[in-house]
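Novice: For reference, the structure I am asking about is given below.
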Amino acid sequence: MSDCLFCKIVAGEIPAKVVKRTEEAVAFRDIEPRAPTHVLVVPTRHVPAVRDAQGPDGERTLGHLLAFAAELATELGLDAGGYRLVTNTGKDAGQSVDHLHFHLLGGRRMTWPPG
C-alpha cells in the first residue's frame, strides 16, 4: 500500500532500526519506546489488522509473526525475565498505523491491566 508507513519501512523507503528480517516479517525499534526493549514486528505484506488476517494465508501470517517474535525475544535476551507481545486492532484499542503489527516489550516488569 503506497501510503502505509510500515509498508514504506519494509520497502526501505523510510529509515528504521531494523533488528531482524525474513521474507515474511520485519522487526524494528519503536521510535517511542515504552520499555527498555520495544520492537515492532510487522508482516512484509500489507495486512491492516488482526481481523484482516483470515483464512489459510492469514493464519500462516499470524503464525509466522508469533514464531518470529518469540525467536527474536530469545535473541534479545528476554526469555529469562519475560516479555509482553501486544497487538491493537482499531482506534479504540490504540492502533495508530493500519498495518498489522505486534509490540514486543521487555526489559522491565510489566503491570496489569495494561491500560
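Each reported figure results from applying straightforward, stated rules to the coordinates on display, with no laboratory input. For clarity, every value in this text was computed on a predicted model and none was experimentally measured. In this analysis, Cβ positions are derived from the backbone assuming ideal geometry, glycine residues included, and neighbour counts consider all displayed protein chains.
Novice: Taking 0.36 nm per residue of sequence separation and subtracting the Cα-Cα distance, how much length would be gained by fully extending the chain between GLU59 and ILE31, in nm to one decimal? Walk me through the intermediate numbers first.
Specialist: Numbers: separation 28, 0.36 × 28 = 10.08 nm, distance 2.83 nm.
Between GLU59 and ILE31, full extension yields an extra 7.2 nm.
Novice: Also, quick follow-up: Show that you can apply the helix-only estimate: for the chain, add -39,500 (n - 2.57) for every DSSP H stretch of four or more residues, divide by all residues, and state [θ] at 222 nm to the nearest 500.
Specialist: Details: 2 runs with 27 residues, N = 115.
Per the formula, -7500 deg cm²/dmol.
Novice: What span do the alpha-carbon atoms of region 5-106 cover on each of the three principal axes, reported in whole Å from largest to smallest?
Specialist: Projected onto its principal axes, the Cα set of region 5-106 covers 34, 31, 28 Å.
Novice: Restricting to DSSP loop positions (anything but H, G, I, E, B) with no more than 16 other Cβ atoms inside 10 Å of their own Cβ, which trypsin sites (Lys or Arg not before Pro) remain in region 1-60? All intermediate terms of the calculation are to be shown ahead of the outcome.
Specialist: Working: sites: LYS8, LYS17, LYS20, ARG21, ARG29, ARG34, ARG45, ARG51, ARG60; in loops: LYS17, ARG34, ARG45.
Qualifying residues, ordered by number: LYS17, ARG34, ARG45.
Novice: What does the extension gain come out to for THR74 and CYS4, with contour length at 0.36 nm per residue minus their alpha carbon separation? Present the calculation step by step, with values, prior to reporting the outcome.
Specialist: Details: separation 70, 0.36 × 70 = 25.20 nm, distance 2.91 nm.
Full extension from THR74 to CYS4 adds 22.3 nm.
Novice: Moving on to the next point. Below 27 Å, Cα to Cα, which lysines can LYS91 reach? Residues fewer than 8 away in the same chain don't count.
Specialist: LYS8, LYS17
Novice: Separate question: Non-local amide H neighbours of LYS20 (under 5 Å, H modeled in plane, Pro and chain starts lacking H): which ones?
Specialist: Those lying under 5 Å, H to H, from LYS20 are ALA27.
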